[in-house]
1. Considering only residues that are open to solvent by 20 Å² or more (accessible area, probe 1.4 Å) and modelled with pLDDT of 95 or more, which ones fall in the range C:132-155?
2. Give me the residue from the range A:99-109 that is assigned to a helix (DSSP H, G or I) and not basic (Lys, Arg) and, out of that set, nearest to the chain's Cα centre (by Cα).
3. Within the range C:174-188, can you find the residues that are in contact (Cβ under 8 Å) with a residue 12 or more places away in the chain and open to solvent by 30 Å² or more (accessible area, probe 1.4 Å)?
4. Would you mention how many residues in the range A:50-67 are out of contact with any Ser or Thr (no Cβ under 9 Å at 6 or more places or on another chain) and within 21 Å of A:LEU143 (Cβ to Cβ)?
5. For the range C:44-51, check the following and say yes or no: at least one residue is within 14 Å of another protein chain (Cβ to nearest Cβ), of a type in the set (A, V, I, L, M) and buried (at least 18 other Cβ atoms within 10 Å of the Cβ).
6. Considering each residue of the range C:80-109, count those that are more than 14 Å from chain D (Cβ to nearest Cβ) and without any contact (Cβ under 8 Å) to a residue 40 or more places away in the chain, and give that number.
7. Go through (1) modelled with pLDDT of 70 or more; (2) crowded, with 24+ Cβ neighbours inside 10 Å; (3) aliphatic (A, V, I, L, M) one by one and return the number of the condition A:ALA259 breaks.
8. Suppose the filter is open to solvent by 50 Å² or more (accessible area, probe 1.4 Å) and in contact with a Phe, Trp or Tyr (Cβ under 9 Å, 6 or more places away or on another chain); does D:ARG75 pass it?
Number of protein chains: 4
Amino acid sequence: MSRNSFGHVFRFTTWGESHGPALGAVVDGCPPGLTLGEADIQPFLDARRPGQSRFTTQRQEPDHVRILSGVFEGRTTGTPISLMIENVDQRSKDYSDVARAYRPGHADYAYDAKYGFRDYRGGGRSSARETAARVAAGAVARLVIPEVAILGYVSAIGGDAIDPAAFDPAEIARNPFFCPDPAAAVRWEGLVDGARKAGSSLGAVVECVATGVPAGWGAPLYGKLDAELAYAMMGINAVKGVEIGDGFAAAANTGEGNADPMRPNPDRSSNEGLPIFTANHAGGVAGAFRPGNRWWCAWRSSRRHRS
Amino acid sequence: MSRNSFGHVFRFTTWGESHGPALGAVVDGCPPGLTLGEADIQPFLDARRPGQSRFTTQRQEPDHVRILSGVFEGRTTGTPISLMIENVDQRSKDYSDVARAYRPGHADYAYDAKYGFRDYRGGGRSSARETAARVAAGAVARLVIPEVAILGYVSAIGGDAIDPAAFDPAEIARNPFFCPDPAAAVRWEGLVDGARKAGSSLGAVVECVATGVPAGWGAPLYGKLDAELAYAMMGINAVKGVEIGDGFAAAANTGEGNADPMRPNPDRSSNEGLPIFTANHAGGVAGAFRPGNRWWCAWRSSRRHRS
Amino acid sequence: MSRNSFGHVFRFTTWGESHGPALGAVVDGCPPGLTLGEADIQPFLDARRPGQSRFTTQRQEPDHVRILSGVFEGRTTGTPISLMIENVDQRSKDYSDVARAYRPGHADYAYDAKYGFRDYRGGGRSSARETAARVAAGAVARLVIPEVAILGYVSAIGGDAIDPAAFDPAEIARNPFFCPDPAAAVRWEGLVDGARKAGSSLGAVVECVATGVPAGWGAPLYGKLDAELAYAMMGINAVKGVEIGDGFAAAANTGEGNADPMRPNPDRSSNEGLPIFTANHAGGVAGAFRPGNRWWCAWRSSRRHRS
Amino acid sequence: MSRNSFGHVFRFTTWGESHGPALGAVVDGCPPGLTLGEADIQPFLDARRPGQSRFTTQRQEPDHVRILSGVFEGRTTGTPISLMIENVDQRSKDYSDVARAYRPGHADYAYDAKYGFRDYRGGGRSSARETAARVAAGAVARLVIPEVAILGYVSAIGGDAIDPAAFDPAEIARNPFFCPDPAAAVRWEGLVDGARKAGSSLGAVVECVATGVPAGWGAPLYGKLDAELAYAMMGINAVKGVEIGDGFAAAANTGEGNADPMRPNPDRSSNEGLPIFTANHAGGVAGAFRPGNRWWCAWRSSRRHRS
């Protein structure tokens, strides 16, 4: 089954292995007339780029993106957009051990079980390097929905969580952990250094907040916004849990505790007639759709770090 | 976008509202030659059927399934299988209040925001009654993969969890809560009765365990087994979280703590040459595929009960 | 592979066999708020209904359609629309000969080759009776695009074609052959009677003309309007050829003979600024899209009648 | 809608414009373990390559294909295969006339009508150069079904058809027209030269014959082998007609004239128990599936040449 794609009307397909000549994405269904250049994509790849601190993989990759199709005179034409990132640092590491033995917590065994054959260099297709292609495609997707702002950050590492009261979005870009709580960022430095020196690694929780999502997006059942987000997050290597809004805490609550009350909006002119929601336990996705543009849709994913 | 379907090669599409004449599913892609009759599906609908205890909705529905196509002389023919369940108890309840006001924690507002129009009787398409069609389609799906056994149960209600040490699968069918821990079932009776009398309701956690899943099922990325399961669970009304294996606990663990070690299997004849996994933090889904048929793939979902 | 569906955003899936209890379609992705009742669908089924003349199958079926979901207070709700047509005349014909022998020109052998098992009663799923479900779904589709008018008729039977000069759309409903040329209809009566008495049958050509199709519909490549139409027509039993516009005659023509010249439209107000096309060899589909709303898109299919 | 893809389990997506830096295809769902190198693809691109005779476009392109992913140590790994062909001859032709005026018989107007914006250089995405990406993906597809042999050739140009009695497959590679009839090839030389000198062009008919197709391939309805082939052919620029087997000639025939009789196969050992078909009017696709591996499935397409 062909499954390296995400999306429906706007749809991208990624390709590439850790140690092949390149990796990339084909974005099909992008609306025409959007201003798009490599400079719109590169900052997201730069933020993701490895080798920028001692806390990530030390592989050195410029991760320069090239747009090979679908853009003419700086604007999208409605035809498929081909994005390519060349692999530069295909270090001549000896992978003979990986070729022979299955690393626990990795996909080595599973690939052999499924395909009977695998590209073992750096994990091949199962390398987290594949997410570079998602980042590039995602940068295009953002241009399609400029009314939506998406903020992502790490909210916990190794069980040590941020203090919500100290949340400052401006901090996210100021530390190597994408941490919105400066005190937590300092603690994590010690935590991750300790794990690194012990030859270990740590799990983490990533949170995303989308604001400005118009009411009514998503399908009512099956392809609900919750379901599409969960599918997207769980389709990434090592993600083992997804929560929307209160997530599992909802299971320990009552019906009325979980419900997000509405009251009529007295100022109809400035709010498009939307009701005012006085809570947001559902993460902005109740009955499948986001109930208004004043609340956020948040999803959390649990990432299991690899040793 | 057409989104009331689930699956790829084996694919079902459901239809029906709470108070329409019927609801059902069309299963396309079912292999030919399988023995299938209404008696293979009915027990699952009977287990799901409302009105059997004071703890569920009091709607009385026989939920008799009819097979309208795709079966000839007791066997599937490879053509689409149409399943229909007639609605009998469309009580002449007065829905004028629901027609006028949006119930918090329900899809009322979202349907109007998306479609500008809704069938308000019993929640229409957003009624949990839609899951009857999934149950019927799922009963057919089980016949396609007889090597896989799937066990589902409730593991917590309102924050009160079962004791894993008391887990007894035989208990699941003995109480109205599908609870594998008899002591917890007794406690839940009081808990749910209390909520019911207070006009409230409670969240719950459902756990599923699949055994016998062959190594290699699922796609390596995007449509990973984790992702397909998360999509399926999150596509159900009121589900707000999904975990595979250790789930969010993995995020508080180390790389080696999360990894599931393998050792060679000395008895190659009886185990198809599979390695022996000495832990199962990944829920049997590492690197996207299930690593062996001796372990389980477990996923948990958090269900937010509606008031 | 699940393949009993047609369409993308608006998508229907059909089910049912010639001699099962019923057949039907689930229409997913229909926009909300459309006025829809059984009376909008029934006339199309009545026109298709067998047993109305001696020239078609003598099976007697009322072909009453029921809407089982997706419509509330006479309007579509955006949820799946389930359409069901019960089979009434499941004549107790003896099918033991069909069960044993493969009829040439039928799907009997192919079903056994693929599935190893088949419902032989009346051809099972391969019966042309399946098209009743398409007709029902198509009646819904017409409501979604009211600006488009679609006219279908038979243009040739057994090699005897209509005279284009005698074309009168009002004639189509006046004879049992859907023939727009009254003289041809008289000839066909004798032709078909002769074949019928000889225990034979005749091939035919069906032509469809769509007017009012907005410029720009369809995808530029792959899912071109030509390709979607060809897929739809060829997916019907016994269709062996499809032409758009001049079809195969284009292959015997020159580039300039095939090209449809444009000239600027002096009256910009009344024609939405569309150029005026002075020919229509391409059937209104040039470069994948229909070039204007003043021309038609015609496709022809060759139907091979079964003995 | 995302539509630059073809196939289901084996699926490819193409990208690229006539005058962009490159064009290519991503093949997803290719089985693992197939021997694949650029040398398996290049001969098909070489056969298609323009500029090899005075009868085709004079653009000079080496059309070297590069495999960027999905192959390791000369074998496919089951992951997406990215194929890229760089554009070399992006001649500095002046396209200002094409930018301003719509060429009849081309997609210029339609692209503007749909997208409001187009890459006019060489037709952009609507250039027949896009078929290079299909050829590359098709070369991979052939390796997946080695039991099937596919032969394609031109059977008519400008209305001048080959003589079936003179059919010699060895001739196809010996003339610039892929013509299996040497006498016709000579005639076509004059015909095409005349058109070329007159600044004109000619339509053509392409025929394809597939042998070795196992019985049972394809879906019974909708996604029938006829329908998938018609969709594929009609999705190519300028194709306006598709026939399977007798095609439109079937419409002028009787039921028994069209039927392909079967008789039992006395030598069961050597023919897998297949019946012997004594005719092949249906092009090997009766009741949706190919009835045996001894006959061919032929489809014809009418290509309307562009001036």
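1. Matches in the range C:132-155: C:ARG134, C:VAL135, C:GLY138, C:ALA141, C:ARG142, C:LEU143, C:VAL144.
2. Going through the qualifying residues, I end up with A:ASP108.
3. Listed by number, the residues that qualify are C:PRO176, C:PHE178, C:PRO182, C:ALA183, C:ARG187.
4. Count: 3.
5. Step one: list which residues in the range C:44-51 are within 14 Å of another protein chain (Cβ to nearest Cβ), which gives none.
The answer is no, given that none of the residues of the range C:44-51 is within 14 Å of another protein chain (Cβ to nearest Cβ), of a type in the set (A, V, I, L, M) and buried (at least 18 other Cβ atoms within 10 Å of the Cβ).
6. So the answer is 10.
7. (2)
8. Working: open to solvent by 50 Å² or more (accessible area, probe 1.4 Å): yes; in contact with a Phe, Trp or Tyr (Cβ under 9 Å, 6 or more places away or on another chain): yes.
Yes; evaluated as a whole, the condition is true for this residue.
The values are calculated or read from the model by the stated rules, or taken from the named source; none is laboratory data. Values in this document were obtained by computation on a predicted structure and should not be read as measured data. In this analysis, Cβ positions are derived from the backbone assuming ideal geometry, glycine residues included, and neighbour counts consider all displayed protein chains. Protein only, heavy atoms only, side chains kept; ligands, DNA and RNA dropped before computing areas. Shrake-Rupley method; radii C 1.70, N 1.55, O 1.52, S 1.80 Å.
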